[in-house]
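Novice: Take a look at this one; I'll ask things after.
Where a number appears in this text, it was derived from the coordinates with a stated rule and is not lab data. Owing to the predicted nature of the structure, the values given are computational and were not obtained by experimental measurement. Cβ atoms come from the backbone with ideal geometry, glycine included; neighbour counts cover every protein chain shown.
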Amino acid sequence: MDNTEYKGTTTIGLVCDTGVVFATERRATMGHFIASKDAKKVYQIDDLIAMTTAGSVGDAQRLVKWMQVEAKLYKMRREEPMTVKGIVSLLANILSGNRYYPYFVQLLVGGVDKNGPGIYSLDAVGGIIEEKKAVSTGSGSPMAYGVLEDRYVDGMPIDEGVELAVRALHNAMKRDSASGDGINVVKITSDGYIQIDDAEIKKMRDTFT
């Protein structure tokens, strides 16, 4: 396993009062080489469910497409969306079934369903952890956790969660060379899946010291 490729990123997930927030930076690295400055690391799986990816880009994109198709088929057959836990369980089974030829990924999956907001983290062989508060993956996560653990509050308003995620990534990008080149943020509530505008993110970052 190439640990540089596997961990060279920073992703964040927050469980808030009415939904969840996901945030990632945009840098993709190959060892010490910056391969892309506009890498996509957060994907919409269903109307109100998202996945963040760290690790092998090819492996992650294949899993994203697989889950998008499964979610669509489930909705067509059952006339209701899959729950977050349902998608996580299916994904964990796929990862576990390929443990001898693993997908080199570390994933966060979450959103809002009939049970409310929720986030889960998954490792490369299908291990699942339900994240009740704030979670970060990748090489920049130690720096991100420093901010998250200091400022996260149970049941915090989702717009405050967006600002906290941006602040945590902003600090991680200062110290982790594998993280950088802008920030993507998504907030999901029962009202919808919203991509936060780059101008709004820049305005937040300009207020940080």
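Novice: Which whole-number percent gives the relative contact order of the chain, counting Cα pairs below 8 Å spaced six or more residues apart?
Specialist: Over the chain, the number comes to 31 percent.
Novice: Right, here's the next one. Is there a quick way to get the dipole size of the chain? I mean about its Cα centre, with the Cβ of Lys and Arg at +1 and of Asp and Glu at -1; what is the value in debye to the nearest 20?
Specialist: Using only the charged Cβ atoms, the result is roughly 460 debye.
Novice: Roughly how many nanometres apart are two label points built 7 Å out from the Cα toward the Cβ at residue 90 and residue 47?
Specialist: With each label placed 7 Å out from Cα toward Cβ, I get 1.6 nm.
Novice: Quick check: from the Cα gyration tensor, does the chain come out rounded (a/c under 1.5), prolate or oblate?
Specialist: Verdict is oblate for the chain.
Novice: Continuing with this model, one more query. Which value in nm describes the separation of the simple spin-label points at residue 174 and residue 100, placed 7 Å from the Cα toward the beta carbon?
Specialist: In this crude spin-label approximation the distance works out to 4.9 nm.
Novice: Here is a follow-up. Could you work out the helix-only [θ] at 222 nm for the chain, with each DSSP H run of four or more residues adding -39,500 (n - 2.57) and the total divided by the number of residues, to the nearest 500 deg cm²/dmol?
Specialist: The per-residue figure over the chain is -12000 deg cm²/dmol.
Novice: Run the numbers for residue 76 and residue 191: contour at 0.36 nm per residue of separation, minus the present Cα-Cα distance, in nm.
Specialist: 39.3 nm
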